[in-house]
Structure formats: C-alpha cells, structure tokens
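Trainee: Quick one: structure below, then a few questions.
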Amino acid sequence: MISGWLSTALARRNIHYGWAMIAVTFVTALVSAAAVGAPGVFIVPLQKEFGWSTAEISSAMSIRFVLFGLMAPFAAALMNRYGLRNVTLIALLVVAASLVLSLGMTQVWQLMALWGVAVGIGTGMTALVLGATVAARWFHARRGLVVGILTASAATGQLIFLPILASITEHSSWRWALALMCLMLAVAALGVLLVMRDRPSDIGLRPFGDTSTEPLAVPPPNTSPIMAAALGALRDAAQTKVFWILFATFFICGASTNGLVQVHLIPMCLDFGIPQIQAAGLLAAMGVFDFVGTIASGWLSDRYDNRYLLFWYYGLRGLSLLALPFTDFSFYGLSLFALFYGLDWIATVPPTVRLTASKFGPERAGLVFGWIFAGHQLGAATAAFGAGLSRTVLLSYLPAFFAAGALCIIAALIVLAISKDKKVATA
C-alpha cells in the first residue's frame, strides 16, 4: 500500500503522516473549489454562443451555491459513516462526470442540471467540512493553523485558476478550459485513492501533537441514519443564539465573496472596458493575498479572541466593497482593492470554525459547522442571482456591491453579541 510506504518514509524523517493528509486534502479542495469558481469565466462566452441572459446563467450558479452549502452537514454525516476517502472519491467522480457531460450541452436546463445540481452536490461533499474533519481527526495541536491552510486552498482554488481558464477560453473555447478542469479532477482523485486515510489509528498513529500514553480509543461503529444525524445537530444547535449569529454572519460572508465577487467581478470589469484575462488576473491576485490572509487568520485564531477577529474581518471587507465603485476601475485602484479585499476574502473561516468547536464541542463541531456553512452558500446563491438580476434590470452591478458592503458592516456588529468563552478552546 502506498499509504504504508509513505507513512514509513515520513516517519524516518520525523514527519507526521497528518501533513501528507493535509497535502492531499489541500489539492482536493483546490481543484474542487476551482470547479465551483470556473463558471464565472464562462458567463460571457455562454451568452455569445447560446444567447442566454445573465439572469439565466446566474440562476444555475445560484442552484450550485445552494446545494454546495446544503450538502455540507450531510457530507459530515456521510464521512462519519462511510469514511473520508470513499466520500471524497465519489464526490470528485460526480463533479468530473458532470463537467464531461456539459461539454455537449445546448439548452439552459442542461446548464442548471449539470453545473447547478450535479456540480453543487459533488463539490458540496468536499466543501470546508472535509478540511474541518481532517483537522479535527489528524491534529491535536495547531488545529487553527491547519484549518487556515485548508480554507485558503478552497478559496484560492476558486481564484488562482481563473486566469488560466480565461486565457484558454479566449484563445480556444470554454470547452477546452472545461476539459482542463476534468483532468485536474482526475489527478486529485488519484491522490485521494493513494494517500487519504480516515483516521491516524488506521496506520497506527496518534493525532499530531497528541503525547498521551493512553491506548487509542477505537471509534464506535457509526450506524446512525444520515438524515437523523444531520437534522438532529441542526435541531439542537438552532435552540442557541450563537448558532444563529454565526449562521447570519456566514450568510453575509457568502453573499460578499463567492456569490458576488467570484461570479460577477469579471463581467462587471468588462462593463468598464477591462479585458477578461486582466479581470481574471485581478481575481488571481486576490487568491494569492487570500492564501496569506487565511493562513495568518488561522494562526491568529489560536491566540486571540475570535469574536474581535471577525469584527475586524467583516468591517474591513465591508469598507473595501463600499469603496470599490469609487476606484474608477483604474489599475491603481483595483490593485489596492485586490490587496485589502484579498487578505480578507475568507479569513473569517478559522475563527468561525473555532467558535463553533468551542460552543458546541469537538464531537458535533463538523455537523454544526456544516449547517453554518449552508448559511454561507445560501448567501452566495442570493448574491449570485441578485447581482445578475441587478445587471439585467438596472444595467449595473454597482447596487449589489453597495448592498454587500452594508451587510458586512452589520455582520461586524452582530458578531460581538456572542458571549465570551470562559475557557479557551484547545488548539
């Protein structure tokens, strides 16, 4: 077995196998997230080839965002029941098959079925819950940093590949760009098959940083119905104020990132005369800054009050969105926006994950965070459709950007209503 050989090789170099898990999860999240973000590059080409409106294409993306989020709590239950590797492999195959079939689509209902429903379900099974589960199972120490790294991979994957896909689309066609996505999904699936394992105990290890000498506890067999486990977690969490605060703020997080900027920044830049490749490069720059910002956020979340971190993250993001229309979309103005907004793109995830774990306990954190993440994607879906509708009806994306900025300011204020923990969560 590759995993056994790799575990032995890493042990000789005093490297824990958990870091190999981080590597394969990083690649999986990167590619899956790229599949979620890629359609933003294809809006204009699809309009030109099929005559579909921005609102129609945005509807398909809204479906994808909703299912991407709603799958999260069920994905956590599926991983507990059937294992990380099995669920992740199936998810990657579903996404790849959907993209291959979409190469021959000609009707808008096919776009909604393949890019909306199928891709939404497949990518939802490898959403942020995968990274949170890997961090919880494989790491006893540096858990916040690990969540930051894996979160960064998801957000960066949605942005970093866009210039490549935009260039292929402009010089060849959107179908060739989609074929590249399918190839990357196949590579990620191979890595998962060879490297990913469910728990450290599967290869005779303890979680990273666990220095206990007690025998490893054998996980009890999980026979709980998937629906019952997911809905039971929601029922219990919904009785608390902190759940609804985290749900609402994460709704705003999705509305101000994935659903708005990721989907509509490129076509909005085209409205202001900025070429598609240059606009995609702007998103890629945000991805680079996001990678740094999210990892730094993970490091900070291990050390400082997560409520105040979220206050600053949402507040600064709101100010940057409100300022964007006043940049005149010049190179200097957009570069500053890419810097400040990119550092804050999804830095909210590590503090939100740690607050979830500290309030609901490590055993239920994955399931509860799955529902909070569902709120994130409902916000993304709302913004994806709302911004497209704004462009169709008002002939401008700017009202959507102003609304998102105002919502972020609200999120910054309501997050302070979360009570302070009496004890610090374990790193």
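The values are calculated or read from the model by the stated rules, or taken from the named source; none is laboratory data. Quantities reported herein were computed from a predicted structural model and do not represent experimental measurements. Glycine gets a Cβ as well: all are built from the backbone with ideal geometry, and neighbour counts include every protein chain shown. Note: areas computed on protein heavy atoms with side chains; ligands, DNA, RNA excluded. Shrake-Rupley method; radii C 1.70, N 1.55, O 1.52, S 1.80 Å.
Trainee: What FRET efficiency would be calculated for the residue pair SER53, LEU398, taking the C-beta separation as r and a Förster radius of 22 Å, to the nearest 0.05? Walk me through the numbers before you get to the answer.
Mentor: Values: r = 19 Å, r/R0 = 0.86.
FRET efficiency, SER53 to LEU398: 0.70.
Trainee: Another one. For SER172, SER320, what's the largest-to-smallest order of accessible area, 1.4 Å probe?
Mentor: SER172, SER320
Trainee: Counting only residues 5 or more places away or on other chains, whose amide H sits under 5 Å from the amide H of LEU103 once H atoms are built in the peptide plane?
Mentor: Residues meeting the amide H criterion: none.
Trainee: For region 1-100, with all protein chains present and a 1.4 Å probe, just round the carbon and sulfur fraction of the accessible area to a whole percent.
Mentor: That share works out to 65 percent.
Trainee: How many nm is it between the label spots at MET227 and LEU183, if each spot is 7 Å from the Cα in line with the beta carbon?
Mentor: Label-label distance for MET227 and LEU183, simple model: 4.3 nm.
Trainee: Given a Förster distance of 41 Å, report the FRET efficiency between SER419 and THR211 from their Cβ-Cβ distance, rounded to the nearest 0.05.
Mentor: Calculated transfer efficiency: 0.80.
Trainee: Compute a Gaussian network model of the chain, connecting alpha carbons closer than 10 Å, and tell me which residue from LEU231, LEU310, LEU185 fluctuates the most.
Mentor: Maximum among the listed residues: LEU231.
Trainee: Calculated from DSSP H runs of 4 or more alone, at -39500 (n - 2.57) each and per residue, what is the 222 nm mean residue ellipticity of the chain, nearest 500?
Mentor: -24500 deg cm²/dmol
Trainee: Starting from the Cα-Cα distance between THR8 and ALA97, subtract it from 0.36 nm times their residue separation and give me the gain in nm to one decimal. If you can, show how the numbers build up before the last one.
Mentor: Working: separation 89, 0.36 × 89 = 32.04 nm, distance 3.50 nm.
Gain on extension, THR8 to ALA97, equals 28.5 nm.
Trainee: Using the heavy atoms of the protein chains and a 1.4 angstrom probe, tell me the accessible area per residue for the chain in square angstrom.
Mentor: Accessible area per residue, the chain: 40 Å².
Trainee: Under a 1.4 angstrom probe, counting protein chains only, how are GLU56, GLU170 ranked by accessible area, largest first?
Mentor: Accessible-area ranking of GLU56, GLU170, largest first: GLU170, GLU56.
Trainee: Which one, THR88, THR392, THR294, has the greatest fluctuation when you compute a Gaussian network model over the chain with C-alpha springs under 10 angstrom?
Mentor: With Cα springs under 10 Å in the chain, the top fluctuation among THR88, THR392, THR294 is at THR392.
Trainee: Given a 1.4 angstrom probe, I'd like the percentage of the accessible area of region 250-394 that is carbon and sulfur, rounded to a whole number.
Mentor: 73
Trainee: Test of understanding: in a Gaussian network model of the chain with alpha carbons linked when under 10 Å, which of GLY298, GLY104, GLY116 would top the mean-square fluctuation ranking?
Mentor: The residue with the greatest mean-square fluctuation here is GLY104.
Trainee: Would you kindly find the accessible area of LEU93, with a 1.4 Å probe and non-protein molecules such as ligands, DNA and RNA excluded, rounding to the nearest 10 Å²?
Mentor: Surface accessible to solvent at LEU93 totals approximately 110 Å².
Trainee: Something else about it: Counting pairs on different chains as well as pairs 8 or more places apart, how many Lys pairs in the chain have Cα atoms under 17 Å apart?
Mentor: Final tally of qualifying lysine pairs is 6.
Trainee: So if each residue of separation counts as 0.36 nm, and I subtract the Cα-Cα distance between ALA296 and ARG235, what length gain in nm does that give?
Mentor: Going from the current span to full extension adds 18.6 nm.
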